[in-house]
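Heads up: the structure comes next, in structure tokens.
The values are calculated or read from the model by the stated rules, or taken from the named source; none is laboratory data. Worth saying up front: this structure is predicted, and the values here are computed from it rather than measured. No Cβ is skipped: glycine too gets one built from the backbone with ideal geometry, and neighbour counts run over all protein chains shown. Side chains are part of the model used for accessible areas, which takes the heavy atoms of the whole protein and leaves out ligands, DNA and RNA. Shrake-Rupley method; radii C 1.70, N 1.55, O 1.52, S 1.80 Å.
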Amino acid sequence: MFSENIDRPAGLNCIMRIIVILFIIVILGSLGSALYYLVKDRGATERTAKALTIRIALSITLFLLLMLGFHFGLITTRL
């Protein structure tokens, strides 16, 4: 059903893989900073909420990027 041999540049799959990995690293960094602010500020400031909001926005953006990549054939079954 799915074929890995479709007409697209060979490096495109590698580029998509790198973009996804970078998004995951930034999402984990935002999650780590939220934990740091939670422990350091003890919930007194809004920095934890801002870091978590950024994480949610990045996660939604990654999800949309994956869905669009799959829809337009940039991503097949696996990265």
Exercise. Tell me, yes or no, whether region 22-29 has at least one residue that is part of a loop (DSSP other than H, G, I, E, B) and out of contact with any strand residue (DSSP E or B) (no Cβ under 7 Å at 6 or more places or on another chain).
Key: no
Just one listed residue, out of I27, I18, is surrounded by 13 or more Cβ atoms within 10 Å (Cβ to Cβ), at pLDDT 90 or above and closer than 20 Å to S59 by Cα, and it is I27
If we keep only residues of region 50-68 that are farther than 13 Å from I19 by Cβ and open to solvent by less than 60 Å² (accessible area, probe 1.4 Å), then the residue nearest to the chain's Cα centre (by Cα) is S59
For region 39-49 the number of residues that are in a helix (DSSP H, G or I) and open to solvent by 90 Å² or more (accessible area, probe 1.4 Å) is 3
Pairs returned, first residue in region 49-67 that is closer than 20 Å to L38 by Cα, second residue that is assigned to a helix (DSSP H, G or I) and small (G, A, S), beta-carbon separation under 6 angstrom, 6 or more apart or interchain, are A51/S30; A51/S33; A51/A34; L52/A34; I54/S30; R55/S30
